[in-house]
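The structure under discussion appears below in the form of structure tokens.
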Amino acid sequence: MMTKSSLQTSSVGENTAKRLARLAAVQGLYQIALTQNTAEKIIADFQDHPGALLHEKGENEAPLLVDLQLFGSIVIGVSQNFTSLDEMIAGATDAKVSPERLETLLRAILRAGTYELHVHSHIPANVIINDYVDVTHAFFGAKEPGLVNAVLDKLAKGLR
């Protein structure tokens, strides 16, 4: 019998499912920052209505494309550890780019990337960094993708 989780990752490539989970997690973290909703509510809402976070995908299509376990792990993990994640980010940046001074979405991207580098040591650092740089490119065009790349690369060297 196929479970919902196995159906999600067997329907598309595992890498695509993980990339979309990272994108959705960043958008979920952004919503948490703006609305003060809990991580659990964001996860439940996404499972019920995935189109709310993945606007470019049809609502019925998105759940088959996203690694829901990774999505939930990132949203919960970042929400429970944002203070220590911000300390790690601050250690990889100068005072002009401290987490408190970053735009909300950029801070969510860096927190999610830092969380994964710290906790998901079984995933190669370059995969995590590349995916978060791609997420950054989806929202920013100027220097932000380079900043995300530099910060996560510096953190990866220190954490691994």
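Annotations for the structure displayed:
- A simple rule links phi to the HN-Hα coupling: the Karplus curve 6.51 cos²θ - 1.76 cosθ + 1.60 with θ = phi - 60°, which for the range 111-118 gives 5, 5, x, 5, 4, 5, 4, 6 Hz, with x for Gly and Pro.
- In a fully extended conformation the segment linking His49 and Arg101 would gain 15.5 nm over its present Cα-Cα distance, using 0.36 nm per residue.
- Ordered from longest to shortest, the equivalent ellipsoid semi-axes for the range 10-159 are 24, 16, 14 Å, each the square root of 5 times a Cα gyration tensor eigenvalue.
- Debye log10 I(q)/I(0) for the range 79-121, one point scatterer per Cα, at q = 0.14, 0.17, 0.28 Å⁻¹: -0.27, -0.40, -1.03
- Residue ranges 133-146, 66-79 sort as 66-79, 133-146 when ordered by packing (mean number of other C-beta atoms within 10 Å per residue, highest first).
- Exposure proxy order (Cβ contacts within 10 Å, fewest to most) of Ile109, Ile128: Ile128, Ile109
- Test item: Cα-centred dipole of the range 10-159, Lys/Arg +1 and Asp/Glu -1 on Cβ, debye: 360 debye
- Shape of the range 90-155, Cα gyration tensor, a/c cut at 1.5: oblate
- In range of the label at Glu14: residues from the range 114-141 whose backbone nitrogen is under 20 Å from the point 7 Å along Cα→Cβ: 116-132
- Local electrostatic count at Val127 - Lys and Arg +1, Asp and Glu -1, tallied over other residues with Cβ under 14 Å: -2
- Net charge, Asn15 excluded, C-beta distance under 15 Å - Lys, Arg +1, Asp, Glu -1: -2
- For Ala92, distant residues with modelled amide H under 5 Å away: none
- Phi to ³J(HN,Hα) by Karplus 6.51 cos²θ - 1.76 cosθ + 1.60 over the range 132-137, Hz, x for Gly, Pro: 6, 5, 4, 4, 4, 4
Computed from the coordinates by the stated procedures, all read-outs in this text should not be read as laboratory data. None of the values given here were measured: they were computed from a predicted structure. Please note: Cβ atoms are built from the backbone with ideal geometry, for glycine as well, and neighbour counts cover all protein chains shown.
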